[in-house]
Amino acid sequence: MMAGDWLQGPYVYALYQHYGYDKGDIGRLFIAGFGSSMVFGTIVGRWPTSMGGGRASITYCVVYMLSCATKHSPDYRVLLLGRVLGGIATSLLFSAFESWLVAEHCK
C-alpha cells in the first residue's frame with residue numbers, strides 16, 4: 001500500500017496540469033496534502049489506540065477512497081479537499097496497520 005501511495009505523485013501532478021492548473025496552484029495542492037498530514041497526524045495518530053487498529057485501518061480505506069474520488073473533479077476546492085483527506089489518510093496509513101499488528105501480536 002505504501003508503494004502505491006508514493007508512486008501516484010507524478011501522475012497526480014500530470015492530472016492537475018491536464019485540468020489546466022499552473023505550477024503554483026499545483027504546488028499549493030501538494031502543500032495542502034503534506035500540511036494536513038503534519039497538522040492532523042498528531043490527532044489521527046491516536047485513533048488506532050482509541051478505536052482499535054482494525055477500525056482505524058477501515059477508516060484509512062474509506063478516507064483514501066474519498067480522497068481518490070475527488071481527483072475526478074477539475075474544481076480546485078474539491079481537489080484541495082481531496083489533498084487534505086489524502087494527508088489524513090497518509091497519517092492513518094503509517095499508524096493504523098502497524099498498531100493493529102502489534103495489538104494482535106500482544107494478545
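The values are calculated or read from the model by the stated rules, or taken from the named source; none is laboratory data. Please read all numbers here as calculations on a predicted model, not as lab measurements. No Cβ is skipped: glycine too gets one built from the backbone with ideal geometry, and neighbour counts run over all protein chains shown. Surface accessibility is based on the protein's heavy atoms, side chains included, excluding ligands, DNA and RNA. Shrake-Rupley method; radii C 1.70, N 1.55, O 1.52, S 1.80 Å.
Only residues in the stretch 1-22 that are more than 15 Å from Arg83 (Cβ to Cβ) and aliphatic (A, V, I, L, M) count as the first member; pair them with residues that are at pLDDT below 95 and open to solvent by less than 70 Å² (accessible area, probe 1.4 Å), Cβ under 7 angstrom, at least 6 apart or cross-chain, and list the lot.
Note: pairs meeting the criteria are Met1/Leu93; Met2/Leu93.
Could you look through the stretch 89-105, keep only residues that are in contact with a Pro (Cβ under 9 Å, 6 or more places away or on another chain) and hydroxyl-bearing (Ser, Thr, Tyr), and pick out the one that is modelled with the lowest pLDDT?
Ser99
If I go through the stretch 89-104 residue by residue, how many of them are closer than 16 Å to Ser36 by Cβ, buried (at least 18 other Cβ atoms within 10 Å of the Cβ) and not polar (S, T, N, Q)?
Number of matching residues: 3.
How many of the residues in the stretch 58-78 are part of a helix (DSSP H, G or I), touching a residue at least 24 places away in the same chain (Cβ under 8 Å) and surrounded by fewer than 18 Cβ atoms within 10 Å (Cβ to Cβ)?
Here the count works out to 1.
Look through the stretch 45-57, keep the residues that are in a helix (DSSP H, G or I) and open to solvent by 40 Å² or more (accessible area, probe 1.4 Å), and return whichever of them is modelled with the lowest pLDDT.
Step by step, filter the stretch 45-57, then rank; the result is Thr49.
Every residue in the stretch 17-35 that is of a type in the set (Val, Ile, Thr), open to solvent by less than 60 Å² (accessible area, probe 1.4 Å) and within 14 Å of Ile88 (Cα to Cα), please.
none
Suppose the filter is in contact with a Leu (Cβ under 8 Å, 6 or more places away or on another chain) and either in a loop (DSSP other than H, G, I, E, B) or surrounded by 14 or more Cβ atoms within 10 Å (Cβ to Cβ) (or both); does Tyr13 pass it?
no
Yes/no matrix, rows are residues, columns are (1) touching an Asp or Glu at 6+ places or on another chain (Cβ under 6 Å); (2) part of a helix (DSSP H, G or I); (3) modelled with pLDDT of 95 or more; (4) of a type in the set (Phe, Trp, Tyr):
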position	(1), (2), (3), (4)
Gly20	no, no, yes, no
Ile31	no, yes, yes, no
Phe34	no, yes, no, yes
Ser37	no, yes, no, no
Phe40	no, yes, no, yes
Ile43	no, yes, no, no
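From the residues in the stretch 79-88 that are modelled with pLDDT of 95 or more and surrounded by 18 or more Cβ atoms within 10 Å (Cβ to Cβ), which one is nearest to the chain's Cα centre (by Cα)?
Only one residue tops the list, namely Leu85.
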